[in-house]
Amino acid sequence: MCAMARPRKPLLSTDRIVETARALVDAEGLTAVSTRRLAAELGVSGPSLYNHFRTKDEILEAVADSVSGQVDLTMFQDGRDWRTALHDWAVSYRAALRDHPNIVPVLARGPGRRPAGLRLADAVYGAMVEAGWPPAQATSIGALMRYFVMGSALGSFAGGFVNDASAYDPSAYPHLQQAHLLAEQQEKIDERAFETGLTALLDGLARQYEQVRRAV
């Protein structure tokens, strides 16, 4: 009678380390990630992680890049006009950051050497230049879009107001008598604010674009 084979542990891989680290960051924040904690979560010895990553910072960089890789870039390749493409990309970008808000401080440093981050920057810049924006302005557009989307992901405006009417003394805050209701509609308010700001930003760029095209 053959002995039953022992179940094998999943092989340690870069992807598995990144997925586990991302789950830790999502659940507990950046400080939760350490080689010791990751090794325990993965069921391996600490030194085995060093075959894939030398430091905690490298792991966090990889987690950040995995989030950048979730951003849809097809709108820059399928014939959409530059304004529609920027809008749709910003919505996808914000959705990725909203799903993984704790990694935003790492992403905010810029793409560095991260492949997905660099592909993202290349796609936006390339699409703007191809649409007729001068290179310097295309760079500025990429920067301002990143500022806008990153800023929207750093925290919730509506969620920053406590759900307690007594916190808003009408003698001190005469215009905040409904502020205690904001948190209950957090998602709706934040989505509307994002779309309002994005539309205003794109309207302004469209006016600049008309000037650019007239000058050609």
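The values are calculated or read from the model by the stated rules, or taken from the named source; none is laboratory data. Predicted model only: the values in this text are computed from it and were never measured. Heads up, the Cβs are rebuilt from the backbone with ideal geometry, glycines too, and the neighbour counts pull from every protein chain shown. Keep in mind that these areas ignore ligands, DNA and RNA; they rest on the heavy atoms of the full protein, side chains included. Shrake-Rupley method; radii C 1.70, N 1.55, O 1.52, S 1.80 Å.
Please go through segment 197-216 and give me each residue that is of a type outside the set (D, E, K, R) and open to solvent by 80 Å² or more (accessible area, probe 1.4 Å), ordered by number. Spell out the reasoning first.
Let us first name the residues in segment 197-216 that are of a type outside the set (D, E, K, R), namely 197-202, 204-206, 208-209, 211-212, 215-216.
Answer for segment 197-216, where residues must be of a type outside the set (D, E, K, R) and open to solvent by 80 Å² or more (accessible area, probe 1.4 Å): Q208, Q211, A215, V216.
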How about segment 158-196: which of its residues are assigned to a loop (DSSP other than H, G, I, E, B), of a type in the set (A, V, I, L, M) and open to solvent by less than 70 Å² (accessible area, probe 1.4 Å)?
A172, L176
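Filter segment 51-70 down to the residues that are in a helix (DSSP H, G or I), of a type in the set (G, A, S) and under 13 Å from the mean Cα position of the chain (by Cα), then identify the one that is surrounded by the most Cβ atoms within 10 Å (Cβ to Cβ). I'd like the intermediate steps shown before the answer.
Step one: list which residues in segment 51-70 are in a helix (DSSP H, G or I), which gives 56-68.
After this cut, where a residue has to be of a type in the set (G, A, S) as well, the list is 62, 64, 66, 68.
From the residues that got through so far, the ones that are under 13 Å from the mean Cα position of the chain (by Cα) too are 64, 66, 68.
Values: A64: 26, S66: 19, S68: 21.
Among residues in segment 51-70 that are in a helix (DSSP H, G or I), of a type in the set (G, A, S) and under 13 Å from the mean Cα position of the chain (by Cα), the one surrounded by the most Cβ atoms within 10 Å (Cβ to Cβ) is A64.
Give segment 144-157 a look and list any residue that's assigned to a loop (DSSP other than H, G, I, E, B) and of a type in the set (S, T, N, Q), or say none.
In the first step, residues of segment 144-157 are kept if they are assigned to a loop (DSSP other than H, G, I, E, B); the result is 154-157.
Listed by number, the list holds a single entry, S156.
Quickly run through segment 8-46 and pick out the residues that are in a helix (DSSP H, G or I), among the aliphatic types (A, V, I, L, M) and open to solvent by 30 Å² or more (accessible area, probe 1.4 Å).
A23, A27, L30, A40
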Residues in segment 100-129 that are open to solvent by 60 Å² or more (accessible area, probe 1.4 Å), without any contact (Cβ under 8 Å) to a residue 40 or more places away in the chain and either of a type in the set (V, I, T) or in a helix (DSSP H, G or I) (or both) total 3
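Those residues that are of a type in the set (G, A, S) and open to solvent by 30 Å² or more (accessible area, probe 1.4 Å), I need them from segment 71-94; list them, please. Quick ask: steps written out before the conclusion?
Going through segment 71-94, the residues of a type in the set (G, A, S) turn out to be 79, 85, 90, 92.
G79, the sole residue that qualifies.
From the list R114, R146, exactly one residue is in contact with a Phe, Trp or Tyr (Cβ under 9 Å, 6 or more places away or on another chain), within 22 Å of Y93 (Cα to Cα) and either of a type in the set (K, R) or modelled with pLDDT under 95 (or both). Which is it?
Values: R114 fails: in contact with a Phe, Trp or Tyr (Cβ under 9 Å, 6 or more places away or on another chain).
Only one candidate passes the filter, namely R146.
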